Amino acid sequence: MAGSSAPPSSSAANYDLPWVEKYRPSKVSDIVGNQDALSRLQVIARDGNMPNLILAGPPGTGKTTSILALAHELLGSNYKEGVIELNASDDRGIDVVRNKIKMFAQKKVTLPPGRHKIIILDEADSMTGGAQQALRRTMEIFSNSTRFALACNTSAKIIEPIQSRCAIVRFSKLSDQEILGRLMRVVEAEKVAYVPEGLEAIIFTADGDMRQALNNLQATYSGFQFVNQENVFKVCDQPHPLHVKSMVQNVLEGNFDEACSRLKNLYDLGYSATDIITTLFRVIKNYDMPEYLKLEFIRETGFAHMRISDGVGSLLQLSGLLAKLSIVRDTSKAA
Ligand SMILES: Nc1ncnc2c1ncn2[C@@H]1O[C@H](COP(=O)(O)OP(=O)(O)OP(=O)(O)O)[C@@H](O)[C@H]1O
Ligand SMILES: [Mg+2]
């Protein structure tokens, strides 16, 4: 892995390295968030006896990073010969499982006592059922010498017999605070010029995904050399939440026409109905309004999102949603 070798010598090379790689934690203890999951992994790193593992959870939360760090901590200088990494870009049909994985599992490697060879299967939920069946048999046969670490977004896509042979470690989205802490570190290290609202915008667009946060930070910085709200939303090409927020505010204040014309502005800028409704949902979720109203708003937004996903992404559909929200607001006023 790029992150584990010596740091690049020239600063130009440094600049070219994607920040997600440059700042990928190399120790389990440097990974932020998901306390329970990470302390389980730390216990494994300390005791040395790794069970077969499934790490499951949303993108950009540190699953791959955790597995790589754990394997490095367990095997140290034996990493090269003791670990094989296969991700979705490698062909992982039945043949690969039968040949490459089996061959590695059979290979004799001298490791410190109590340690095992590790087979890392990233994005394991994209493996076919047949390949998973073959994997399961390999897992059984070589359980003495070899352990498997699978990373995936949904553990339900891993067949039951594999699940039952693995300890499942669940990851969830990172909190705004966790992402902010990390962003601050990178911003300082790279001497990025920013205003706090710019980082807030990055956190908003990343929605709990650290990879996205770091990529958006780097994209904004390399595009504009300055991180503020405007630049972030330009780079991320998402509707500006402030525009969406003022739309919601207009609905809440009974200015339906004004809300509609703001919606039309956004739509005319070229944002798709999906872009708009995704941002609308996040804005409503964070909006300071009575609980009952918020629940109803989210409910209606959910229905509209479903219709849009079914293919009806018209301006009329979105205007219809604003009308619904206005009615909800009126009836809750009357009650
Ligand atoms: N919890 C975290 N702490 C610190 N950095 C993180 C964390 N999660 C992700 N990152 C950063 O984001 C990058 C991508 O993370 P990683 O590859 O571990 O995500 P993942 O959970 O495997 O996502 P995917 O499901 O898309 O494979 C890392 O290189 C690292 O820079
Ligand atoms: Mg991954």
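A few remarks follow.
- Checking each residue in region 220-243 for being surrounded by 18 or more Cβ atoms within 10 Å (Cβ to Cβ) and without any contact (Cβ under 8 Å) to a residue 24 or more places away in the chain picks out T220, V235, H240, H243.
- Single condition R329 does not satisfy, out of (1) surrounded by fewer than 17 Cβ atoms within 10 Å (Cβ to Cβ); (2) in contact with a Leu (Cβ under 7 Å, 6 or more places away or on another chain): (1)
- Residues in region 109-125 that are away from ligand 2 (no atom under 15 Å from the Cβ) and either open to solvent by less than 40 Å² (accessible area, probe 1.4 Å) or in contact with a Ser or Thr (Cβ under 6 Å, 6 or more places away or on another chain) (or both): V109, L111, H116, K117, I118, I119.
- Within region 151-181, the set of residues being away from ligand 1 (no atom under 11 Å from the Cβ), open to solvent by 10 Å² or more (accessible area, probe 1.4 Å) and either within 12 Å of the chain's Cα centre (by Cα) or touching a residue at least 24 places away in the same chain (Cβ under 8 Å) (or both) comprises S155, K157, I159, P161, Q163, R165, C166, A167, I168, R170, D176.
- Count of residues meeting criterion [more than 13 Å from ligand 2 (Cβ to nearest atom) and small (G, A, S)] in region 40-90: 6
- The residue list E140, E197, E85 contains one member that is within 14 Å of ligand 1 (Cβ to nearest atom), touching a residue at least 12 places away in the same chain (Cβ under 8 Å) and acidic (D, E), which is E85.
- Every pair of residues 6+ apart whose Cβ atoms lie under 9 Å, when the first sits in region 280-299 and is over 13 Å from L325 (Cβ atoms) and in contact (Cβ under 8 Å) with a residue 12 or more places away in the chain while the second is basic (K, R) and assigned to a helix (DSSP H, G or I): K285/K294
- Condition met for A189 (away from ligand 1 (no atom under 12 Å from the Cβ), exposed (fewer than 15 other Cβ atoms within 10 Å of the Cβ), assigned by TED's automatic domain parsing to the domain that holds N215 and of a type in the set (A, V, I, L, M, F, W, C)): yes
- Note on region 149-266: enclosed helices (runs of 4 or more DSSP H) holding 3 or more residues that are within 16 Å of ligand 2 (Cβ to nearest atom) are 210-224.
The values are calculated or read from the model by the stated rules, or taken from the named source; none is laboratory data. Model, not experiment: these values are computed from the prediction. Using ideal geometry, Cβ is built from the backbone for each residue, glycine included, and neighbour counts are taken over all protein chains shown. Ligands, DNA and RNA are excluded from the accessible area calculation, which covers all protein heavy atoms including side chains. Shrake-Rupley method; radii C 1.70, N 1.55, O 1.52, S 1.80 Å.
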